[in-house]
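Below is one structure, written out as structure tokens; the observations come after it.
The values are calculated or read from the model by the stated rules, or taken from the named source; none is laboratory data. If you're wondering where the values come from, they're calculated on a predicted model, not measured in any experiment. Ligands, DNA and RNA are stripped out before the accessible areas are found, and what is left, the full protein with its side chains, is counted by its heavy atoms. Shrake-Rupley method; radii C 1.70, N 1.55, O 1.52, S 1.80 Å.
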Amino acid sequence: MNSTSLSELARQITAFIGQTTAKASLSESVRSDFQPNFDRLARELFAAQYQANEAYRRFSDSVGVSPDKVNRWAQIPFVPTSGFKDSELTSLPPADRPRVFFSSATTGQSRSRHFHNAESLALYEAALKPWLYRYLVQPMAELEEGEGRTAVDRPGILSLTPPASAAPNSSLVHMLDVAVQEFAARDSVFAGLIGPESVWQIDYDRVLFALRKSMCANRPLLITGTAFNFVELLDFLESRNIRYRLAEGSRVMETGGYK
């Protein structure tokens, strides 16, 4: 299957994500076409990746699975995370990989790699935007005015991670940057820093400023960060006996981090 087929699949999957989001609150009968469409797209994508991705094809063959043997999506072989460290698991040719994301890793460990071109990155972002808006941003934006609170279309976001300019190879930071550009107020903040040995740190002055600004304006705030970001922040606040009550409607989104 050639790159045109992969491009067409990318368009179909993007459309499917948008349609699924729109139907999320509808009845089960209206959403009855979800499973067959998901199954069809998953199997077609497996067939395309099996042909275009040599490392994945070798892995699939090693477990005795090929497209002609797959009758439903659950039969598609899933690659263990170690595979992304050991092989270039991508359908993109070497000349078409302008972006690469690396996983975090403890000292001495190899890092997983995740390759993208403009088209695959657009699909990657399309998987984020509608669901983030529907379940995080929209409920905050739709809070009614009252008790000193002003309704806002674009809530403030405080990210405990570094900005994308400081961590260009982090898929997490890329996605948070997309969220801020797409949905957030202009005064949203990335409060992370890159410390010695590329360890992420937090600029607590920026965090406290953002928290106090949100409280003074009685404006809900979305705080995002990894599990360890929040551990460090809570330890800092506790060590200084600092307690805040955030504005009604504020949210916290832990992005993961414990392995």
Answer label, with Rg/Rh (Cα atoms, Kirkwood Rh) calculated from the coordinates and candidates (1) 1.02; (2) 1.32; (3) 0.95: (1)
Amide H neighbours of Ser112 under 5 Å, counting only residues 5+ apart in sequence or on other chains, H built in-plane at 1.01 Å? Ser103
Roughly speaking, what is the stretch gain from Phe34 to Glu238, that is 0.36 nm per residue apart minus the C-alpha to C-alpha distance, in nm to one decimal? 68.8 nm
Which residues' amide hydrogens lie under 5 Å from the amide hydrogen of Arg99, considering only partners 5 or more residues apart or on another chain, with H built in the peptide plane? His116
Specify the inter-centroid distance of segment 201-259 and segment 40-73, based on alpha-carbon positions, in whole Å. 43 Å
Given a 1.4 Å probe, how much area per residue of the chain is accessible, in Å²? 58 Å²
Anchor Lys129: aspartates and glutamates whose Cα lies under 12 Å away (excluding residues fewer than 8 positions away in-chain): Asp177, Glu182
Distant-in-sequence amide H partners of Leu193 (H built 1.01 Å from N, under 5 Å): Gln201, Ile202, Asp203
